[in-house]
Amino acid sequence: MVDRSFKDLSLASLYDALNPWGPGDDFYLDLVMSARSVLDVGCGTGRLPARARRAGHDGRLMGLDPAAAMLVQARRREPGVEWVLGDLRTRLWDGGFDLVVMTGHAFQTLVDDEELRLALHAVRAALAPGGRFVFETPHPAARAWTCWTPEHIRTVDAADGRTVRVWREVDGPLLGDRVRFRETFDGEGWDRPRVSRSTLRFLGPDALTRLLGRAGLGVVERYGDWAHGPLTQDSAEIITVAAP
């Protein structure tokens, strides 16, 4: 299910301000520019395919996202990309992509076992021979959710000039490797804050390897940071490159 922060057009418009371009985006952009055909799953506001097109990528670029409000931003940003509303179950894939990516911790939103199984099998089906699937997910050992408190507030400016305060709070006890949380958006002049409730899954490297293997995908490379550093228990990210 798409949470409210991605369905609501006014909240979706805050995404890029809350998640400015950084080293992770540069990491993925290098991969995209070296591939002829790319599928960006959970593309959000589309900044990665759009940046690649503007940088001269002349191959096939497809952005896939289940939130119409996010794709509104994407289409405005770059009409020269194939934007598709839906998820990996939206269509039958025929091995047409040299590269499939899931950026911005989108992999974490695959919470249910069956949902994750179907998604990974769809990724496998979408990959051409020699293709690669690249994604990142927070290392559970880093326990990122411990910082999700009202004391950790981010402030951004909305498109209409209003200041919006945003914070996360864990919503109930941890459920195994799943963390439920609520995200609050409080804007100047709003009659009340807007609240989005979501669940994210924090899978470790061994669990990821097993799940990929069941879908016919093997780990080719794994990093702990965007500079291609090794994965350790102290790494904040698990960056995985997988292939059939």
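Side notes on the structure shown:
- Distance between the range 111-148 and the range 162-230 - C-alpha centres, whole angstrom: 11 Å
- Exposed GluC sites (Glu not before Pro) absent: longest stretch of the chain, with sites in DSSP loops and at most 13 other Cβ within 10 Å deemed exposed: 1-150
- Rg [Å, one decimal], Dmax [Å, integer] - the range 1-96, C-alpha atoms: 13.0, 36
- Binned Cα-Cα distances of the range 103-188, short to long, each 10 Å bin given as a whole percent: 13, 34, 28, 20, 5, 0
- Taking Lys and Arg as +1 and Asp and Glu as -1, the other residues whose beta-carbon sits under 9 Å from that of Val32 total -1.
- Carbon and sulfur %, accessible surface of the range 139-179 computed with the full protein complex present, 1.4 Å: 53 percent
- Using C-alpha pairs below 8 Å separated by at least 6 residues, the relative contact order for the chain is 17 percent.
- The equivalent ellipsoid of the chain has semi-axes of 28, 23, 16 Å, largest first, where each one is the square root of 5 times an eigenvalue of the Cα gyration tensor.
- Based on C-alpha pairs under 8 angstrom that are at least 6 apart in sequence, the range 127-244 has a relative contact order of 30 percent.
- Other residues with beta-carbon under 13 Å from the beta-carbon of Arg222 carry, at +1 per Lys or Arg and -1 per Asp or Glu, a net charge of -4.
The values are calculated or read from the model by the stated rules, or taken from the named source; none is laboratory data. What you are looking at is a predicted structure, and each value in this text was computed from that prediction instead of being measured. Counting neighbours? That spans all protein chains shown, and the Cβs are built from the backbone with ideal geometry, glycine included. These area figures cover heavy atoms from the full protein model, side chains too; ligands, DNA and RNA do not enter into them. Shrake-Rupley method; radii C 1.70, N 1.55, O 1.52, S 1.80 Å.
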